[in-house]
Amino acid sequence: SRTVRRGDDGVVTVGGLRVTDLAEEFGTPAYVLDEADFRARCRAWSDAFGADADVFYAGKAFLSRAVVRWLTEEGLNLDVCSGGELATALSAGMPAERIAFHGNNKTPGEIRRAVEAGVGRIVLDSFQEIARVAHVARSLGRRQRVQIRVTVGVEAHTHEFIATAHEDQKFGIALAGGQAAEAVRRVLGLDSLELVGIHSHIGSQIFDMAGFEVAARRVVSLLAAVRDEHGVELPEIDLGGGLGIAYTPDDDPREPHEIAKALGEIVTRECEAAGLATPRISVEPGRAIVGPTAFTLYEVGTVKALEGLRTYVSVDGGMSDNIRTALYDAEYSVSLVSRASDAAPVLCRVVGKHCESGDIVVKDAFLPADLAPGDLIAVPATGAYCRSMASNYNHALRPPVVAVSDGAARVVVRRETEEDLLRLDVG
Ligand code: LLP
């Protein structure tokens, strides 16, 4: 995060607060989130895209009521993908018209709540869902604004599990074979749906703009085909999220203004060529906003030097608070943050306390040779998809999210307790 510094005594501070004090007050492991950085990133995205575009924060990256309030205050919109995320957004006062509802299998109950609440967009993902949303809207006497999510058929260069625009995966309706054109025909034929645009999301943790450009071109060609067939110019295109962040110094992310410029240019050019008015563009960054704003603070429990191999550093969390290393082979960095050390760096693997050997937080990292139990280490860039994908594996208690702002820290999501766990167990 932007306000992290190392003091003269070697103790790292965030927003002026010493991590040693944070650990004492809130315990470890803990996610420490820099609110000023979060807000600055929201503003960077909305300034870059300007008044003619909309930024929807992707709540799946990390959502809490505090986050919803920050987004509301910073003028961002919100993408939700479940009833739970919708409930969180509404309970913290996000105006429903600023919410887009996603998902490849929204339940009838979720659809009803979304339509009743008056969400601004429902993003339709299948032919069955077109019928379901139309039915719910009709039964409630509403005309629901919708977009159709299309699969543009590009290979985004990212991990297979988080690439979403090639044909052989579960999301969206294929542009190929006339499927998306058929979906448009159906939606336009339903009075209870108002088709406002086309949506594409090509994947996540992407650095190369080429995939977005191909996606934008193909979406615009669908808009042109819709105009030719129906005489209707759809006013919006949403190009999804997926912009990568730096997890290690080797990663070189694009900045919001570069992304806005590249997308704006390509959409404008393609629309001009097709004789279409430029539609309103929207994007859905999740990771790029919240990812860099938080780090996970762990306490070292054991240090095991394996002769000729590496040193295993066990911390008081693990795959229950960061599944990304095990699931995607994700890379992270780590540093000693509670003191200075002149000891030589040694090759370490930071592992958790769970009962399996794949429980790795940081695969390869250099930490000082004198690292010892009681030291605090921090893993940066854990704001996205860590707390939101956290689990209770081995009945771990999910860590709190502590927000730091104006030199003060407060819990925005509290640590789970054994009582919380046992409350669910009603057998
Ligand atoms: N919009 C849609 C429709 C999405 O499906 C996603 C992410 C986003 C926006 C936001 O993408 P972002 O800007 O955060 O990359 N758990 C994985 C990432 C899965 C992303 C799923 N969809 C991870 O930890 O890398």
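Just so you know, all these numbers are worked out from the coordinates, no wet-lab data involved. Keep in mind that this is a model prediction, so the values were computed, not measured. Glycine gets a Cβ as well: all are built from the backbone with ideal geometry, and neighbour counts include every protein chain shown.
Observations, loosely collected:
- Each principal axis of the Cα cloud of the chain was taken in turn, and the coordinate range along them, longest first, works out to 71, 50, 40 Å.
- Helix axis angle, 35-49 relative to the chain longest principal axis, alpha carbon, degrees: 30
- Net charge of the neighbourhood of residue 348, taken over other residues with C-beta under 11 Å away and scored Lys/Arg +1, Asp/Glu -1, is +3.
- With a Förster radius of 41 Å applied to the beta-carbon distance between residue 194 and residue 343, the computed FRET efficiency rounds to 0.05.
- Percent antiparallel among DSSP beta bridges (both partners in the chain, rounded to 5): 45
- Selection from 68, 50, 220 lying farthest towards where the dipole of the range 35-290 points positive, charges on Cβ: 68
- The alpha carbon centroids of the range 233-269 and the range 1-64 are separated by 21 Å.
- Taking Cβ atoms as reference points and 10 Å as the exclusive limit, the residues near residue 404 contribute a net charge of -3, counting Lys and Arg as +1 and Asp and Glu as -1.
- Short-range pairs are left out: with C-alpha atoms under 8 Å and at least six residues apart, the relative contact order of the chain is 19 percent.
- Among the lysines of the chain, pairs that are 8 or more positions apart or on different chains and have alpha carbons within less than 24 Å of each other number 6.
- Extension gain for residue 5-residue 272 works out to 91.3 nm (0.36 nm per residue, less the C-alpha to C-alpha distance).
- Close amide H contacts of residue 383 (hydrogens built in the peptide plane, cut-off under 5 Å, sequence separation of 5 or more or a different chain): 293, 294.
- Simple point charges give the picture: +1 on the Cβ of Lys and Arg, -1 on the Cβ of Asp and Glu, and for the range 35-290 a dipole about the Cα centre of about 1040 debye.
- Nearest 10 degrees, 0 to 90: helix 210-230 Cα axis against the chain principal axis: 20
- Per-residue ellipticity at 222 nm, computed for the chain from helices alone with -39500 (n - 2.57) per DSSP H run of at least four residues, works out to -9500 deg cm²/dmol.
- Sum of side-chain charges, residue 179 neighbourhood, beta-carbon under 15 Å (Lys, Arg +1; Asp, Glu -1): -1
- Centre-to-centre separation between the Cα atoms of the range 273-287 and those of the range 351-427: 38 Å.
- Annotation: extensible slack from residue 304 through residue 357 equals 17.7 nm (criterion: 0.36 nm per residue apart, minus Cα-Cα distance).
- Under a model in which nothing but the beta-carbon of Lys, Arg (+1) and Asp, Glu (-1) is charged, the range 152-298 shows a dipole of about 220 debye around its Cα centre.
- Counting only Cβ charges, +1 for Lys and Arg and -1 for Asp and Glu, the dipole size of the chain around its Cα centre is about 1100 debye.
- Remark on residue 366: its backbone amide H falls under 5 Å from those of 348, a criterion applied only to residues 5 or more positions apart or on other chains, H modelled at 1.01 Å from N.
- Think of the chain as having a plus end and a minus end, set by charges on the Cβ of Lys, Arg, Asp and Glu; of 27, 403, 271, 271 sits farthest toward the positive end of this dipole.
- Most mobile of 336, 297, 124 in a GNM of the chain (Cα contacts under 10 Å): 336
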